[in-house]
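The values are calculated or read from the model by the stated rules, or taken from the named source; none is laboratory data. Worth saying up front: this structure is predicted, and the values here are computed from it rather than measured. Cβ coordinates were reconstructed from backbone atoms using ideal geometry, including for glycine residues, and neighbour counts include every protein chain displayed.
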Amino acid sequence: MSDALPPLREVIAEHALGADKRFGQNYLLDLNLTAKIARLCGDMAEATVFEVGPGPGGLTRALLSEGAGAVVAIEKDRRFIPALDQIAAAYPGRLHAVEADALTVDEPALRPDGLRMVASNLPYNVGTALLIKWLEAEPVWWSRLVLMFQKEVAERIVARPGQDAYGRLGILVAARAKARYAFTVPARAFTPPPKVDSAVVVLEPLPETERFDDLSALKTVTESAFGQRRKTLRRSMAAAAGQTKASAEELLTGCGIDPGARAETVGPAGFMALARAWRAAR
């Protein structure tokens, strides 16, 4: 990079920024990898890119170097703010560090207008919760999510019916977004190295006409259906059906779903139909 900033390892040592397991911190110091992630955002010249858990700023630097018009770095651990301020000085007016909990922060309130994206090496302990938060956002304020998760979670996000990783998360994602698996990041790329590999996924919101709006109902039916994966839907859906005036058999057959099937064989569209039926039968 041509920003004259010191190497990240020096920044970590200077500010005593040892990784804190409570926050699921693992630093990505490989500049080639951070640049590769940043480029998945596409044209960022007119965009604000939100980054959660920037840590010492490896991906932050890459986003700025690759042309992000503005980066809003949301960091819960105040130890990193001085290091982020150092980056902000190298990119005047383009980096804004916010000390906050990303689970509760209101991103649109920070940047009400313009093109907005998210690019983050997400803390492992809150990654899925953050993804659900962004999927639930109404109205949709983001044009793209470029996110790193544990590889197992990334596989669940993009899984299709019949695959071992297919389940609730993939269905919730499919209801709101188009997702693709970008690439795997080996554990050895991080400092300290986690016990598992990671992976980057890219999500883009579905057009409004294709979005499924009742995520609450979808959560309920998928929780019931996948809560007992080895059982048939006739049995596993009993818990959700108990909240309605219909039996599990009636809900399933009304949607054209075989009550003797198992959850992993039913596609997202089937579960969305089931969520509508569940809502109507309450």
- Would you check if there is a residue in region 183-191 being under 24 Å from W278 (Cα atoms) and either in a loop (DSSP other than H, G, I, E, B) or not hydrophobic (A, V, I, L, M, F, W, C) (or both)? no
- Task: Keeping to region 42-95, report how many residues are without any contact (Cβ under 8 Å) to a residue 24 or more places away in the chain and closer than 25 Å to W141 by Cα.
- Result: 2
- Query: Within region 195-212, how many residues turn out to be surrounded by fewer than 18 Cβ atoms within 10 Å (Cβ to Cβ), in a loop (DSSP other than H, G, I, E, B) and in contact (Cβ under 8 Å) with a residue 24 or more places away in the chain?
  - Reply: 4
- Just checking, how many residues over region 41-65 are under 21 Å from D106 (Cβ atoms) and assigned to a loop (DSSP other than H, G, I, E, B)? 2
- Task: Could you tell me which of the residues A73, A68 is outside any strand (DSSP E or B), in the same structural domain as P139 (by TED's automatic domain parsing), over 23 Å from T184 (Cα atoms) and at pLDDT 95 or above?
- Result: A68
- Determine, yes or no, whether A175 is under 19 Å from L145 (Cβ atoms) and either in a helix (DSSP H, G or I) or more than 21 Å from the chain's Cα centre (by Cα) (or both). yes
- So Y27, is it among the hydroxyl-bearing types (S, T, Y) and crowded, with 19+ Cβ neighbours inside 10 Å: yes
- Note on the structure: Checking G58, G114, G93 in turn, the sole residue that is among the small types (G, A, S) and either under 23 Å from G18 (Cα atoms) or touching a Lys or Arg at 6+ places or on another chain (Cβ under 9 Å) (or both) turns out to be G58
- Query: Across region 126-145, what is the total count of residues that are within 21 Å of F183 (Cα to Cα), of a type outside the set (S, T, Y) and more than 8 Å from the chain's Cα centre (by Cα)?
  - Reply: 2
